[in-house]
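The values are calculated or read from the model by the stated rules, or taken from the named source; none is laboratory data. This one's a predicted model, so the numbers in the text were calculated from it and none came from an experiment. Quick reminder, even Gly has a Cβ in these numbers, built from the backbone with ideal geometry, and neighbours come from all protein chains shown. These accessible areas exclude ligands, DNA and RNA; they are computed on the full protein's heavy atoms, side chains included. Shrake-Rupley method; radii C 1.70, N 1.55, O 1.52, S 1.80 Å.
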Amino acid sequence: MAAPRSDTRGIVAAPELFARVRFRRREPAEPLRPYVEHYWLIDWDLTEPFASHVVPHPCVNIVFQRYEGTGDFGEVAGIGLELFTQKLEGRGRVCGIQFRPGGFRPFLADRPVSDLTGRRLPLPEVLPGFRAAPSAVLGPEAQDARVAALDDFLLALGPAPDPRAERAMALADRVREDRSIRRVDELADTVGMSVRSVQRLFAAYVGVSPKWVILRYRVHEALERAGTGAPPDWAALAAELGYSDQAHLVRDFTARVGVPPTAYAQARTGPPR
């Protein structure tokens with residue numbers, strides 16, 4: 001597996017966020033890499049509140065969290081269907097595990113991942129056989145120690161190999177990497193499966209439909225292009241991403257991010273206010 005990705009796909013106004021928090025991605029231990037995309041660590045110490053926004057990936061996350069005035073706690077965050085907003089203030093720390101699309105199911109036993117979609121649940125409620133101590137992850141100042149604690153936490157859960165999870169992860173990876181796949185029937189054809197079989201596989205192992213994943217990666221790509229360098233040729237980008245026209249891209253981007261793509265790009269590349 002490659003090193004953790006360095007792009008900012010899904011993070012709205014990433015430079016503004018990174019100017020206020022310390023954000024790192026780290027690799028998990030080797031046995032966990034088939035299931036885990038990366039760990040993500042955030043620390044902040046703010047004099048003024050800041051709201052972070054993320055267009056969620058088609059991934060389940062386990063999130064250990066510490067906010068000023070609250071105790072340490074852990075959650076399982078199913079795939080978010082809407083723009084996720086988190087207010088940051090004072091001092092705090094988050095240590096997260098982002099699973100690959102389909103990679104959380106081997107830890108979940110006999111429960112479809114779609115049961116978690118759009119929900120944030122206490123860790124013991126989703127993994128009742130394991131009692132985690134969030135402070136063991138959040139307490140160390142050294143990030144290497146936090147990464148080691150995350151490794152210990154996941155390895156203790158002992159994920160079982162699952163060929164269907166492997167197939168779901170491979171299909172989701174194909175959607176992310178191959179921009180020529182724009183419809184579910186095209187994805188199904190690449191592996192000789194029926195559309196219905198692919199849909200059932202994604203519901204059980206990814207948590208959302210394959211069409212949702214295809215559309216979400218389109219928005220992530222548009223968001224990344226809009227936030228870096230000169231604003232793109234929107235009509236050309238719409239065609240590249242498989243939208244029927246530029247208006248369709250604008251509607252989709254605005255619905256997911258909250259502002260039209262041109263306004264978002266201008267705010268990222270315009271003069272400082």
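Which residue, Ala148, Ala203, Ala222, tops the fluctuation ranking in a GNM of the chain built on C-alpha contacts under 10 Å?
Ala148
Grab the other residues whose beta carbon is less than 14 angstrom from that of Gly118, score K and R as +1, D and E as -1, and report the net. Write out the running numbers ahead of the final one.
Details: positive: Arg119, Arg120, Arg216; negative: Glu75, Glu82, Asp115.
Net local charge, Gly118 excluded: 0.
Could you size up the charge dipole of segment 1-154 around its Cα centre, putting +1 on the beta carbon of Lys and Arg and -1 on that of Asp and Glu, and report it in debye to the nearest 20?
220
Where the Cα atoms of segment 75-144 are projected onto their three principal axes, how long is each span, largest first, in whole Å?
The Cα atoms of segment 75-144 stretch 37, 30, 20 Å along their principal axes.
Rg (Å, one decimal) plus Dmax (Å, integer) for the alpha carbons of the chain?
18.9, 55
Work out the FRET efficiency for Gln266 and Ala29 from their Cβ-Cβ distance, taking R0 = 45 Å, and round it to the nearest 0.05. Mind dumping the intermediate values first?
Working: r = 43 Å, r/R0 = 0.96.
Given R0 = 45 Å and the Cβ-Cβ separation, E is 0.55.
Counting other Cβ atoms within 10 Å, keep those with at most 11, restrict to DSSP loop, and tell me which trypsin sites (Lys or Arg not before Pro) in segment 116-160 are left. It would help to have the intermediate numbers written out before the result.
Values: sites: Arg119, Arg120, Arg131, Arg146; in loops: Arg119, Arg131.
Taking segment 116-160 and a limit of 11 other Cβ atoms within 10 Å, the loop trypsin sites (Lys or Arg not before Pro) found are Arg131.
Taking the chain as a Gaussian network, Cα atoms linked when under 10 Å apart, which of Ala145, Ala235, Ala19 shows the biggest mean-square fluctuation?
Highest fluctuation among the options: Ala19.
State the extension gain, in nm to one decimal, for the chain segment bounded by Thr254 and Asp45, taking 0.36 nm per residue of separation less the distance between their alpha-carbons.
Values: separation 209, 0.36 × 209 = 75.24 nm, distance 3.11 nm.
Contour length minus Cα-Cα distance gives 72.1 nm.
Roughly speaking, what is the stretch gain from Met193 to Ala230, that is 0.36 nm per residue apart minus the C-alpha to C-alpha distance, in nm to one decimal?
Details: separation 37, 0.36 × 37 = 13.32 nm, distance 4.07 nm.
Full-extension gain reported as 9.2 nm.
Leaving ligands, DNA and RNA out of it, report the carbon-plus-sulfur percent of the accessible area of the chain at a 1.4 Å probe.
Details: 6610 of 12750 Å².
That share works out to 52 percent.
With every protein chain left in place, what is the accessible area per residue of the chain in square angstrom, probe 1.4 Å?
Values: 12750 Å² over 273 residues.
So the chain comes to 47 Å² accessible per residue, rounded to a whole number.
Determine, for each peptide in 99-105, 24-30, 215-221, the mean count of other beta carbons within 10 angstrom over its residues, then list the peptides with the highest first.
Highest mean packing first, the order is 99-105, 215-221, 24-30.
How large is Rg over Rh for segment 45-186, taking Rg from the Cα atoms and Rh as the Kirkwood inverse mean of 1/r across Cα pairs? Working shown, then result.
Details: Rg = 16.7 Å, Rh = 16.7 Å.
Reported Rg/Rh, Kirkwood definition of Rh: 0.99.
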